[in-house]
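The structure appears below as structure tokens.
The values are calculated or read from the model by the stated rules, or taken from the named source; none is laboratory data. Keep in mind that this is a model prediction, so the values were computed, not measured. In this analysis, Cβ positions are derived from the backbone assuming ideal geometry, glycine residues included, and neighbour counts consider all displayed protein chains. Surface areas here come from the heavy atoms of the whole protein model, side chains and all, with no ligands, DNA or RNA. Shrake-Rupley method; radii C 1.70, N 1.55, O 1.52, S 1.80 Å.
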Amino acid sequence: MSTTNDRTPRSEGLEELLARIAACRTCADALPHDPRPVVQAGHSARILVIGQAPGSKVHASGRAWDDDSGDRLRDWTGLGTEDFYDPERVAHMPSGFCYPGKGEGGDLPPRPECAPLWHDALRAELPQVRLTLLVGLHAQKRYLPRGFAPTMTQAVMRWREAPPGFLPLPHPAWRSRLWMARNPWFAAELLPDLRARIRAALD
């Protein structure tokens, strides 16, 4: 029979890992600001959201998807704010934990050090995850099989063929509205499936 003492080492392991992530300064010299890793996780989380990297608004607030893109992502998933930010239901693990700064065409890509340094350890502390959302190209490149699809759009189009427990999504930036207009199957077919999978994962 399971007891509180049986669970304590796992919980302390996750808490220690999250503390080490929060204290990470690996990329400090490459960032235009002080590091502020953004992550959310609880041992009972059933859904894992792997995005790209925090934007400037998320960097300011310290809360994952706390911007217009997050509003759109929550709308896609059908999750309310309370569930989305409950670490025992939904975990958030970006491809890069810190805001990488601005480039010529928008935000810079996630720092390449983060995922190899932290992802495997964090996923190992999330044994209850049933559904992992791969939001954007960086997450898809890391977690979908090599050669799965040459572009983000084609990866999302093949969502039914993704490995069990994974579902690719476009990044919900403002440009996604234009993308959705060109790809009506996303709202008509994928979103109902996404919401059904989320309900099943949280059931």
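Looking at the square roots a ≥ b ≥ c of the eigenvalues of the Cα gyration tensor of the stretch 109-203, which shape do they give, rounded for a/c under 1.5, prolate if a/b is larger than b/c, or oblate? Taking the square roots of the gyration eigenvalues as a ≥ b ≥ c, the stretch 109-203 is oblate.
If one computes P(r) from the Cα atoms of the stretch 86-138, what percent of pairs lie at distances over 17 Å?
The share of Cα pairs beyond 17 Å in the stretch 86-138 comes to 45 percent.
Computed with a 1.4 Å probe on the full set of protein chains, the accessible area for residue 24 sits at about 20 Å². Charged side chains reduced to their Cβ positions (Lys and Arg at +1, Asp and Glu at -1) give the chain a dipole of some 600 debye around its Cα centre. Let me check I've understood the local charge: for residue 202, count other residues with C-beta under 13 angstrom from its C-beta, Lys and Arg +1, Asp and Glu -1. What total comes out? Local net charge: +1.
Counted by Cβ distance under 10 Å from residue 38, the other residues give a net charge of +1, where Lys and Arg count +1 and Asp and Glu count -1. Across the stretch 130-176, counting alpha-carbon atoms alone, Rg and Dmax equal 9.8, 29 Å.
Positive end of the dipole of the chain (Cβ unit charges, origin at the Cα centre): among 81, 152, 55, the Cα lying farthest that way belongs to 152. Compactness of the chain, taken as the C-alpha radius of gyration over 2.2 N^0.38 Å, stands at 1.01.
Just reorder 93, 157, 180 by solvent-accessible area, largest first, 1.4 Å probe, all chains present.
Per-residue accessible area, sorted high to low, gives 157, 180, 93.
Could you calculate the contour length gain from residue 44 to residue 203, that is, 0.36 nm times the residue separation minus the distance between their Cα atoms, to one decimal place in nm?
Going from the current span to full extension adds 56.0 nm.
Ratio of Rg to Rh for the stretch 14-119, alpha carbon only, Kirkwood? Ratio value, two decimals: 0.95. Helical content of the chain, expressed as a calculated mean residue ellipticity at 222 nm, amounts to -10500 deg cm²/dmol (DSSP H runs of 4 or more residues, -39,500 (n - 2.57) each, divided by residue number, nearest 500).
The separation of the stretch 66-139 from the stretch 147-203, counted between C-alpha centres, amounts to 15 Å. Computed with a 1.4 Å probe over protein heavy atoms only, the accessible surface of the chain comes to 52 Å² per residue. Largest first, the residues 88, 15 sort by 1.4 Å accessible area into 15, 88. Using the Cα centre of the stretch 110-203 as origin and beta-carbon charges of +1 (Lys, Arg) and -1 (Asp, Glu), tell me which of 116, 198, 171 is placed farthest towards the positive end of the dipole. The one lying farthest along the dipole's positive direction is 171.
Ordered from highest to lowest accessible area with the whole protein assembly present and a 1.4 Å probe, 125, 104 read as 104, 125. Charge tally around residue 155: other residues with Cβ under 13 Å, Lys/Arg +1 each, Asp/Glu -1 each, net +4.
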